[in-house]
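*Asks:* This is the structure I have questions about; it appears just below.
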Protein chains: 2
Amino acid sequence: MTLFDTHRALLDGALAACASRAYWSPFPENASPKIYGETAQADGQAAVEALLGQDYPLQQPGETGRIATERSPYGVEMGVRYPECSVDALIAAAQAAEPAWTALGAQGRTGVLLEALTRIHKRTHEIAHAVMLTTGQGPMMAFQAGGPHAQDRALEAIAYAYKAQADVPAEATWEKPQGKNPPLVMKKHFNIVGRGIGLVIGCATFPTWNTYPGLFAALATGNPVIVKPHPNAVLPAAITVSIVREVLSEQGLDPNLVTLALSNDPAHTQALAKSPAVASIDFTGSNQFGRWLQDNARQARLYAEMAGVNSVIIESTDQYSAMLNNLAFTLSLYSGQMCTTTQNIYIPKNGIQTDQGAKSFDQVCDDLAAAVRALVDNPRVATAVLGAVCAPETVGRIEEAAGKGRVVLASQALPHPQYPNARIHSPVIVALTEADRATFANECFGPISFLIATESSDSALATAQSTLCEHGALTLGVYSTDRAYIDRTVQLSHRARVALSINLTQGVYVNQSAAFSDYHASGGNPAANASYTTLAFVADRFVVVQRREHA
Amino acid sequence: MTLFDTHRALLDGALAACASRAYWSPFPENASPKIYGETAQADGQAAVEALLGQDYPLQQPGETGRIATERSPYGVEMGVRYPECSVDALIAAAQAAEPAWTALGAQGRTGVLLEALTRIHKRTHEIAHAVMLTTGQGPMMAFQAGGPHAQDRALEAIAYAYKAQADVPAEATWEKPQGKNPPLVMKKHFNIVGRGIGLVIGCATFPTWNTYPGLFAALATGNPVIVKPHPNAVLPAAITVSIVREVLSEQGLDPNLVTLALSNDPAHTQALAKSPAVASIDFTGSNQFGRWLQDNARQARLYAEMAGVNSVIIESTDQYSAMLNNLAFTLSLYSGQMCTTTQNIYIPKNGIQTDQGAKSFDQVCDDLAAAVRALVDNPRVATAVLGAVCAPETVGRIEEAAGKGRVVLASQALPHPQYPNARIHSPVIVALTEADRATFANECFGPISFLIATESSDSALATAQSTLCEHGALTLGVYSTDRAYIDRTVQLSHRARVALSINLTQGVYVNQSAAFSDYHASGGNPAANASYTTLAFVADRFVVVQRREHA
């Protein structure tokens, strides 16, 4: 039985889910010991702790030394030492591994990757703890987003890659009638060949969720991959890469098909990105480096997710309290460090109609601040929901934001019961007007949001649209009891090419994106040029090389 | 009955053909009066002649004047005056036409485009004559490549676009279990939205065949299109654009969804290409302008077909005469002005084994020259097969090529029985060695080929591979009776990502590419970054904009 046969049901489930976009997940998001095993959580945590301060067990070609780059937002000493390898050695090793991977074909590759993914799933608690320590995510989020949800996105990418490749027949007999003469008959073969090395550049906040789609899409379509994790979130990537390499070796394939690239020298990543052998780059991160890649790594097709200004428009609501609680959770979850977290909330300056009567702009500001405060003032909830602030620079941005307008809710530094050195800061909310465009039209990454008083509900739409079109976004929300107003927001979402959530009041949040159902980023505005997951995310990662001869 | 229903069988036929890649064409390539009508040829020719020296009947926004830019390689006075329109007006008109086109949905758009294509087909003879006069193609080739074969490629693009869009469900109900609590239920809608204006830049030699794929792919996926034909081959594009506009108007849609852009000022095209509203550019043409687009039109996704060095490797053959005749036809057809015509023929310097005994390198050269001479010395065949030389610069290149090595076959200027001012030149063939890489490693567009004496059959593979990888190609051929050698060439074709034809001796030529079966260009080497037609050619031309709300 081939690995493809072994995992066929998993693939078929994914293909069916992608086609229906109904709810589906083969990887339980519930961390319950009943599902994952009584000792799974402790075992996973222990596995990570055993790595701290050690050489990470990964042997790659061209190793020039070992480096430890991670600083945990929880204040935990990491000290895991990873191999630094020469760019040339990584490139050469990837190229050497490619032909056998090409020859394996789409089904063979899919089987190997599904086996690897299944093993990744078995180590969810270990990866989750690595995600938590390196990113600052709260434990539950690290488990869900770093584990099953990331695995879902990986499976989704593998399924789309399979679908796109299955669209190409392996061979054909072409028989062209020639009137009374015998037909011309050609035998044709169609081979799928990757475009070349895929470089997958991870981010500091979601080292698996944002890395897996590019990693598995590039591999599945026949390309070697070099994973360049964010220096602060290496461990989750290192475990992932090691698992894939282990499966490759077991299958008699060259493990150097997938390698980890890490260096303290920025020139190292730049050289990788500019290598003529690198055909695609998956990148999640800043506009600054994204633009550098666009300008300098011109030989590669770039799949990029960068900064945006996610927005919510509040026109009216018939569930005022539920709306506030929903928004408060969105603003608080992982201290607003999700690429989907709302930054700009547009509210008419004359206030809104609600099921609790008319509310002035200031009242909405105060009530939203109170809803956030209720979350973060509860010590048990606070640290679990907020997690820690990933980057020190974010603390600076929080302070700076407070000077940009009227502070509706001040950020507080909070203690963590377990990690005394954790960097925890509650959200800051600042009230602005449409005149403050210079402030709200740029991404202020972190637990920072702006409540923007607009001249009218019409002008909320206009200001949101121009900001979204110019700076992009992954998410847009609207609250309105007026179907005509919602329809206008739908049209806005089409023009700005941004996903829209309407009147969220229950346990779904604008910043959540469920694999197999929600397309993450449209890929059609400045915040991202690709989407998890569409055919466009996979179809251009390979080419078809045909051959034909007379039959 | 909607247009989609009307043309459903045509679409289904195309989808089935693309899936099987067996022979299929709904548009007869036989120009017989029995198929196209007794007067069709004369009517088509008359329709074109009625346009010569006239204002072309096309009314577009922002017209600033009329210009006539075409110089026929047959020496026919064209003088058709087309509208020159301001860039801003064309962009604004395209944008205004977009929302209704988006709202029509994939099926609606597909129906409209299939109706337009059906009407284009009805005017095949007219378009064919326009192609012949403007490009210099012989009449039969102008009919087939300019008519049914181009229409096949259009249909193929529409079918792939439909398939990629059909992969996105219109809506879904997402129901997530919550243990003992009621499930979370979200209603989701998924809308397909084009990326923005498509600019389709045509070439001088195949104004329909190379324009239709981008034109119809961009339109089908929800984008307005501005067609910028080559100034020397406007008429086929103008007729096409007019037909699409006519169908749009009949359907109550804005005809400015598709416009023709023409100007004598290069800044006009450059401004179009650089417009932030232009989201994609389909380009067939020179490396020079292709590189300009890559460097300057960075906001747009570029689908480009540029120069390459198409090659054939001769190792041995058991059908020597048939091989020579096959190659001679390839080199002669449309005077080598196809993007798929062989330029470099690699032959071991010690000669080859054949069914007619061993042949020295010089003998193969002489015999191939004789085979070409047999074609071009037959006056009836010569002008029909050669057609005319499209660009005056090509004549210069022919002369220059003769100075690059030993002339095996000299080019001759030939008279045309019907068009006294036609620019007709038979092929030049020049013998080189591997040391002449500076000559043969670049594209010498036109009826120019190089017979390259290689050290050995191994070194033929090595030289071909390095040239193909570095400079790209759309086609590669091999002649060998040794299956192991052929297998090595197959591996070479995978590395260079180039389509391979093996031992062609019958009525199929390396420069021919049949829609629904042959992928034209792999898109994976420097000669082209896209392929007619793969999912990759269509899938990134639109994005999915979703909305969701609690059910």
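*Asks:* From the Cα trace of the range A:234-290, what convex hull volume per residue do you get, rounded to a whole Å³?
*Replies:* That works out to 106 Å³ per residue.
*Asks:* Pop the C-beta distance of B:ASP295 and B:ALA103 into the FRET formula with R0 = 30 Å and round what comes out to the nearest 0.05.
*Replies:* That pair, B:ASP295 with B:ALA103, gives E of 0.25.
*Asks:* While we're on this one: For B:LYS188, give me every one of the lysines with a C-alpha distance below 19 angstrom, ignoring sequence neighbours fewer than eight places off in its own chain.
*Replies:* Cross-link targets: B:LYS176.
*Asks:* Using DSSP to call loops (not H, G, I, E or B), can you name the GluC sites (Glu not before Pro) in the range B:451-551 whose Cβ has at most 15 other Cβ atoms within 10 angstrom?
*Replies:* Answer by residue number: B:GLU455.
*Asks:* Just to confirm my numbers, what's the Cα centroid distance between the range A:219-233 and the range B:178-207 in Å?
*Replies:* 27
*Asks:* Same structure again: For the range B:302-309, what does the Karplus curve 6.51 cos²θ - 1.76 cosθ + 1.60, with θ = phi - 60°, yield as ³J(HN,Hα) per residue in whole Hz, taken in order and with x for Gly and Pro?
*Replies:* 9, 10, 10, 10, 10, 6, x, 10
*Asks:* Quick one: if you stick a label point 7 Å off each Cα along the C-beta vector at B:THR2 and A:ASP362, how many nm between them?
*Replies:* Computed distance between label sites B:THR2 and A:ASP362 equals 5.4 nm.
*Asks:* Then there's this: Let me know the whole percent of all Cα-Cα pairs from the range B:180-301 that are separated by more than 22 Å.
*Replies:* Tail of P(r) above 22 Å: 38 percent of Cα pairs.
*Asks:* Could you tell me, in Å, what Rg and Dmax come out for the Cα atoms of the range B:60-185?
*Replies:* Rg and Dmax of the range B:60-185, Cα atoms, are 22.9, 83 Å.
*Asks:* Equivalent-ellipsoid semi-axes (√(5λ), Cα gyration tensor) for the range B:311-502, whole Å, largest first?
*Replies:* 27, 18, 15
*Asks:* Applying the Karplus parametrisation 6.51 cos²θ - 1.76 cosθ + 1.60 with θ = phi - 60° to the phi angles of the range B:222-230, what ³J(HN,Hα) value in whole Hz is obtained for each residue in order, glycine and proline being reported as x?
*Replies:* Along the range B:222-230, the couplings run x, 10, x, 9, 10, 9, 10, x, 5 Hz.
*Asks:* Moving on to the next point. Based on alpha-carbon centroids, what's the gap between the range B:444-461 and the range B:262-331 in Å, whole number please?
*Replies:* 21
*Asks:* Could I ask something else about it? Provide an ascending nm list, one decimal, of label-point separations from A:THR433 to the equivalent residue in each further copy; define each label point as 7 Å from Cα along Cα→Cβ.
*Replies:* Counterpart label points of A:THR433 in the remaining copies fall at 8.3 nm.
*Asks:* Would you kindly work out, in nm and rounded to one decimal, the distances from the label point of A:GLU38 to those of the same position in each other copy, ordered shortest first, with label points 7 Å along Cα-to-Cβ?
*Replies:* Going from nearest to farthest copy, the values are 9.5 nm.
*Asks:* How compact is the range B:473-551 by the rule of thumb for globular proteins, expressed as Cα Rg over 2.2 N^0.38 Å?
*Replies:* Against the compact-globule rule of thumb, the ratio is 1.58.
*Asks:* Let me check I have the definition right: for chain B, take the eigenvalues of the Cα gyration tensor, multiply each by 5, take square roots. What are those semi-axes in whole Å, largest first?
*Replies:* Ellipsoid semi-axes (Å, largest first): 41, 29, 21.
*Asks:* Additional query: Can you show me the helix-derived [θ] at 222 nm for chain A, built from DSSP H runs with n ≥ 4 at -39,500 (n - 2.57) apiece and divided by the number of residues, rounded to the nearest 500.
*Replies:* When only DSSP H runs of four or more count, the value is -13500 deg cm²/dmol.
*Asks:* Where in chain A is the longest stretch that carries no trypsin sites (Lys or Arg not before Pro) classed as loop by DSSP and with at most 14 other Cβ atoms within 10 Å?
*Replies:* A:299-551
*Asks:* Ok, one more. Sort shortest first the distances from B:LEU104 to its counterpart in every other copy, using label points 7 Å along the Cα-to-beta-carbon line, and give them in nm.
*Replies:* Those label-point separations list as 4.5 nm.
*Asks:* Let me ask another. Give me the percent relative contact order of the range B:311-502, please, defined on Cα pairs under 8 angstrom at least 6 residues apart.
*Replies:* After rounding, I find 29 percent.
*Asks:* Tell me, how many Å apart are the Cα centres for the range A:389-422 and for the range B:67-144?
*Replies:* Measuring centre to centre over Cα atoms gives 60 Å.
*Asks:* Moving to a separate point now. Starting from a Cα-only point model with no solvent, please compute log10 I(q)/I(0) by Debye for the protein assembly as shown at q = 0.05 1/Å.
*Replies:* -0.35
*Asks:* At 7 Å along the Cα-to-beta-carbon direction for both B:ARG66 and B:ALA96, put a label point, then send me their distance in nm to one decimal.
*Replies:* Placing both labels 7 Å beyond Cα along the Cβ direction yields 2.3 nm.
*Asks:* Report the label-to-label distance for B:GLU393 and A:ASN442 in nanometres (one decimal), using points 7 Å from each Cα along the Cα→Cβ vector.
*Replies:* With each label placed 7 Å out from Cα toward Cβ, I get 4.4 nm.
*Asks:* Okay, next question. Assigning unit charges at the beta carbon (Lys, Arg +1; Asp, Glu -1) and nothing else, what dipole magnitude in debye, to the nearest 20, does chain A show about its Cα centre?
*Replies:* 1200
*Asks:* Give the Cα extents of the range A:15-125 along the principal axes, in whole Å, largest first.
*Replies:* Principal extents (largest minus smallest coordinate, Cα): 47, 44, 22 Å.
*Asks:* For the pair A:ALA9 and B:ALA19, what calculated FRET efficiency results from E = 1/(1 + (r/R0)^6), where r is the Cβ-Cβ distance and R0 = 25 Å, to the nearest 0.05?
*Replies:* So, using R0 = 25 Å, E works out to roughly 0.55.
*Asks:* Still on this structure: Take each complete run of DSSP H in chain A, measure how far its Cα atoms stretch along the helix's own axis, and keep only those covering 20 Å or more with mean Kyte-Doolittle hydropathy at least 1.0; list them.
*Replies:* A:235-250
*Asks:* Here's another thing I want to ask about it. About the Cα centre, and with charges only on the beta carbon of Lys, Arg (+1) and Asp, Glu (-1), how big is the dipole of the range B:104-211? Nearest 20 debye, please.
*Replies:* With only Lys, Arg, Asp and Glu charged at Cβ, the dipole is about 380 debye.
*Asks:* Computed over the Cα atoms, what is the radius of gyration of the range B:148-252 divided by 2.2 N^0.38 Å, N being its residue count?
*Replies:* My calculation over the Cα atoms of the range B:148-252 gives 1.54.
*Asks:* Let me ask something additional. How much FRET efficiency would the formula 1/(1 + (r/R0)^6) give for B:ALA170 and A:ASN30, where r is the Cβ-Cβ distance and R0 is 35 Å, rounded to 0.05?
*Replies:* E(calc), rounded to 0.05, equals 0.65.
*Asks:* Pairs of alpha-carbon atoms within less than 8 angstrom and 6+ residues apart define the contacts here; what relative contact order does chain A have, in percent?
*Replies:* 17
Rule-based calculations on the coordinates, nothing more; no lab input. Everything numeric in this text was worked out from a predicted model, so none of it was measured. A quick note on method: Cβ atoms are made from the backbone with ideal geometry, for glycine too, and the neighbour counts reach across all protein chains shown.
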